[in-house]
2 protein chains.
Amino acid sequence: MAFVNANYLKLKAGYLFPEIARRVNQFLQSHPDVPLIRLGIGDVTEPLPAACRQAMIQAVEEMGDRATFKGYGPEQGYPWLREKIAAHDFQARGCDIDASEIFISDGSKCDTGNILDIFGDGNRIAVTDPVYPVYVDTNVMAGHTGEANERGEYAGLVYLPLTAENHFTATLPSEPVDLIYLCFPNNPTGAVATREHLQAWVDYARAHNAIIFFDAAYEAFITDPAIPHSIYEIPGARECAIEFRSFSKNAGFTGTRCAFTVVPKGLKGQTPSGEAVELWSLWQRRQSTKFNGVSYIVQRGAEAVYSEAGQAQVRELVAFYMENARLIREKLTQAGFAVYGGVNAPYVWLKTPQGTGSWDFFDKLLHTCYVVGTPGAGFGAAGEGYLRLSAFNSRENVVEAMNRVVAAFG
Amino acid sequence: MAFVNANYLKLKAGYLFPEIARRVNQFLQSHPDVPLIRLGIGDVTEPLPAACRQAMIQAVEEMGDRATFKGYGPEQGYPWLREKIAAHDFQARGCDIDASEIFISDGSKCDTGNILDIFGDGNRIAVTDPVYPVYVDTNVMAGHTGEANERGEYAGLVYLPLTAENHFTATLPSEPVDLIYLCFPNNPTGAVATREHLQAWVDYARAHNAIIFFDAAYEAFITDPAIPHSIYEIPGARECAIEFRSFSKNAGFTGTRCAFTVVPKGLKGQTPSGEAVELWSLWQRRQSTKFNGVSYIVQRGAEAVYSEAGQAQVRELVAFYMENARLIREKLTQAGFAVYGGVNAPYVWLKTPQGTGSWDFFDKLLHTCYVVGTPGAGFGAAGEGYLRLSAFNSRENVVEAMNRVVAAFG
């Protein structure tokens, strides 16, 4: 009989969002007519920018003419998209990133999982707590951990707590690590990393020859001009960091699917025998062999994000969600909650009252206000006692949800 | 320093198609004005079916309205697409396959690589020779092989030669194997597997508790009604086979990107300690964790393949390429070549004359006829002495290319 990857059996059965769906469905069965408002999962709700739609319709039409039909594209993405990303998202911010270092993909979830393909066993891996579960689960699946304990922590991972005490910015590890996952603006806490904090991480990584996986999926929501959008704004980051970006949240591409990963040339890891190997070449080979590029149509839609009209539409979209976030913060504060995030990120991280457990507060919010949040404990042990609310919804729903919260808790 | 996956260093530097591109470019530099005709890479050339384009344009427009906007879809694909595939491609052929067993993806290249994620180490792996290089390279990258020898064969893999003597249908292995890659209609030889041949493989797999990875990307090109389109037409295949399918070649989706994998419920592998584990659950978890679904727009395009208009348009597209294949066979035969394939597959596999090496004949065809083929040796040691010609081109180009071949060799 064929051997399976038994590491999968270490994964905890209930992924966060299926468990939320189960509780919500159970509640709806006994209360079928309640006007439920979902501020749980971080999915966008507003229409795709017109510039992107127009570009995609034109691309579909090109597919109808033999002269402009597109078959296989480059696995790494079309040069016209890579060049616009490099120029606009990096060079315009003073980051020394070339188009050849941009790898277009169908999602940051895929990329943050797949990146482990080019890394070996034996690395010491650090994640924050709370954390986007994909970072942890993909390491479990790759055999980089032991079993989970009763708090859901996997043996072999180094957990860096994000707490109110450290302003939800991970403290440098006290033990040496080789791979470090950082996500800023942070999912789920909504915290951001200052230039000084990122510089400390880059300095740590260079001193320890570690690699930082920097997930900047939410960079578009940064409103404070002092906060870096890319880790490559930090001197030395080319020597220690891979960055993940997405069109999901800025341009509403969660259902359209386009993202990219930046792997600087010259960035290196080593073989067990100590030979230095360039990661760019490995990722280039990985993508050429196990990926066939993003749909031409979708890449044209992503390219339109960088047009003048696209830029204006994306700014408007981001501003819309950020006004939701502001409203959520304001009303939660009015209701007496301690709240974090929501200023440079579309997530508000609220402290549950009087030490209520995350899941208990989730249930209370569901049953009392008909509002769905995401229990902080679902993102890791240090998320216990918190709940995440997302700004991705209509204004009307956000206002109504917050009115209910104020009425129930204020 | 972080450890890399050193298995990548075992990969041979020159992947087949880059080497072809290098030789073609070198030739074009010294002969910039030759009317080159490319019958090398297996990429489609004709417009996307109108039904697919219409459906995609409508889907883009839905994205512009909050009421019909689509965010994250199910990672496994939308039920309406999975149900149409199950009904049309499987149930209509008598295959007992349910929609829940269909996993929509962005490509068969990705799927045939990613499937290894759910399998462990220690499996004995069989591939045909010649073979689609991705099967081999992804096993090398996963650490399932040793180094390559001078013939390009990796230690630890079991190679099953496809030769004129065995009618290009793999002979059952003489040693026990656990994972078996089969591709029929075959890339590159254009051969097909009869019902009896597939039954022998299913019987072998069940007797040895092996899993067959059945790549049916070219099933639409089968013209002989006696040839199975799916391995699930064979009794017992649900207990031993995973099937890969694609919209790339039937509907011209190579640049649009949609495919699917069939994992029957109840199909099992084992842990090192001998516990049986269902593969469907592992693949479901793998896709939920490391993938975020195919673009809604593209899935609507794929769904349109199953409309009445879509079916007629796909039939016309396939018939167009198969007439190209017929012409290639006819003219090559007229020119005195021994030819295989091209009847139930879009590839013609020609024996090079007088024992000429694959690459030498590739060069001769390029320099004499300005026609680009694919050297058989690029697909494996047993492909030496063969060359693949693809039927994916305009009628005009195919006719012109064949006239040149007849003039040069006839």
Go through (1) surrounded by fewer than 22 Cβ atoms within 10 Å (Cβ to Cβ); (2) in contact (Cβ under 8 Å) with a residue 60 or more places away in the chain; (3) not in a helix (DSSP H, G or I) and name the single condition B:Ser288 misses. (3)
Determine which single condition A:Gly143 fails, assuming it passes every other condition in (1) surrounded by fewer than 20 Cβ atoms within 10 Å (Cβ to Cβ); (2) away from chain B (no Cβ under 14 Å). (2)
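Is it fair to say A:Phe392 is buried (at least 20 other Cβ atoms within 10 Å of the Cβ), in contact with a strand residue (DSSP E or B) (Cβ under 8 Å, 6 or more places away or on another chain) and in contact (Cβ under 8 Å) with a residue 40 or more places away in the chain?
Values: buried (at least 20 other Cβ atoms within 10 Å of the Cβ): yes; in contact with a strand residue (DSSP E or B) (Cβ under 8 Å, 6 or more places away or on another chain): no; in contact (Cβ under 8 Å) with a residue 40 or more places away in the chain: yes.
Against the criterion (buried (at least 20 other Cβ atoms within 10 Å of the Cβ), in contact with a strand residue (DSSP E or B) (Cβ under 8 Å, 6 or more places away or on another chain) and in contact (Cβ under 8 Å) with a residue 40 or more places away in the chain), A:Phe392 does not qualify.
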Check off (1) assigned to a loop (DSSP other than H, G, I, E, B); (2) within 12 Å of chain A (Cβ to nearest Cβ); (3) of a type in the set (Gly, Ala, Ser) for B:Ala207 and give me the number that stays unchecked. (1)
Restricting segment B:224-279 to residues that are within 12 Å of another protein chain (Cβ to nearest Cβ) and of a type in the set (Asp, Glu), the residue that is nearest to B:Ala210 (Cα to Cα): B:Glu239
Of everything in segment B:179-208, what is among the polar types (S, T, N, Q), under 23 Å from B:Ile125 (Cβ atoms) and out of contact with any strand residue (DSSP E or B) (no Cβ under 8 Å at 6 or more places or on another chain)? Give them in sequence order. B:Gln199
Quick check on this structure: which one of B:Asp117, B:Asp33 is farther than 22 Å from B:His229 by Cβ and free of Cβ contacts under 8 Å to residues at least 12 places away in the same chain? B:Asp33
Do we find that B:Glu330 is more than 21 Å from B:Gln54 (Cβ to Cβ) and of a type in the set (Asp, Glu) in this structure? yes
Segment B:295-322: number of residues that are more than 7 Å from chain A (Cβ to nearest Cβ) and touching a helix residue (DSSP H, G or I) at 6+ places or on another chain (Cβ under 8 Å): 18
Taking the residues in segment A:114-137 that are out of contact with any Phe, Trp or Tyr (no Cβ under 8 Å at 6 or more places or on another chain) and surrounded by fewer than 22 Cβ atoms within 10 Å (Cβ to Cβ) as candidates, determine which candidate is nearest to the other protein chains (Cβ to nearest Cβ). A:Val134
Taking A:Ser281, is it more than 20 Å from the chain's Cα centre (by Cα) and without any contact (Cβ under 8 Å) to a residue 40 or more places away in the chain? yes
Could you check B:Phe103 against (1) over 27 Å from B:Lys265 (Cβ atoms); (2) crowded, with 18+ Cβ neighbours inside 10 Å and say which number it fails? (1)
If I ask for residues that are surrounded by 24 or more Cβ atoms within 10 Å (Cβ to Cβ), in a loop (DSSP other than H, G, I, E, B) and among the charged types (D, E, K, R), which ones from segment A:228-267 would you list? A:Lys249, A:Arg257
Might you check whether a residue that is closer than 24 Å to B:Phe253 by Cβ and of a type in the set (S, T, N, Q) occurs anywhere in segment B:70-84? yes
Unmet criterion (only one of (1) buried (at least 24 other Cβ atoms within 10 Å of the Cβ); (2) assigned to a loop (DSSP other than H, G, I, E, B); (3) within 14 Å of chain A (Cβ to nearest Cβ)) for B:Pro185: (3)
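Matching residues to (1) away from every other protein chain (no Cβ under 14 Å); (2) closer than 30 Å to A:Val44 by Cα; (3) among the polar types (S, T, N, Q); (4) part of a helix (DSSP H, G or I):
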position: B:Phe69; (1), (2), (3), (4): no, yes, no, no
position: B:Trp80; (1), (2), (3), (4): yes, yes, no, yes
position: B:Lys84; (1), (2), (3), (4): yes, yes, no, yes
position: B:Asp89; (1), (2), (3), (4): yes, no, no, yes
position: B:Asp96; (1), (2), (3), (4): yes, no, no, no
Segment B:197-215 residues that are free of Cβ contacts under 8 Å to residues at least 60 places away in the same chain, paired with ones that are among the charged types (D, E, K, R) and outside any helix (DSSP H, G or I) (beta carbon under 7 Å, 6 or more apart): B:Ala210/B:Asp178; B:Phe214/B:Glu243
Looking for something surrounded by fewer than 13 Cβ atoms within 10 Å (Cβ to Cβ), small (Gly, Ala, Ser), within 14 Å of chain B (Cβ to nearest Cβ) and out of contact with any helix residue (DSSP H, G or I) (no Cβ under 9 Å at 6 or more places or on another chain) - is there at least one such residue anywhere in segment A:36-52? no
Take the residues in segment B:146-173 that are aliphatic (A, V, I, L, M) and at pLDDT 90 or above, then tell me which one is nearest to B:Gly341 (Cα to Cα). B:Ala164
Among the numbered criteria (1) among the hydrophobic types (A, V, I, L, M, F, W, C); (2) over 28 Å from B:Ile41 (Cβ atoms); (3) away from chain A (no Cβ under 14 Å); (4) surrounded by fewer than 24 Cβ atoms within 10 Å (Cβ to Cβ), which single criterion is violated by B:Trp201? (4)
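The values are calculated or read from the model by the stated rules, or taken from the named source; none is laboratory data. Remember, it's a predicted structure, so these values are computed and weren't measured experimentally. All Cβ positions, even for glycine, are placed from backbone atoms using ideal geometry, and neighbour counts span all protein chains on display.
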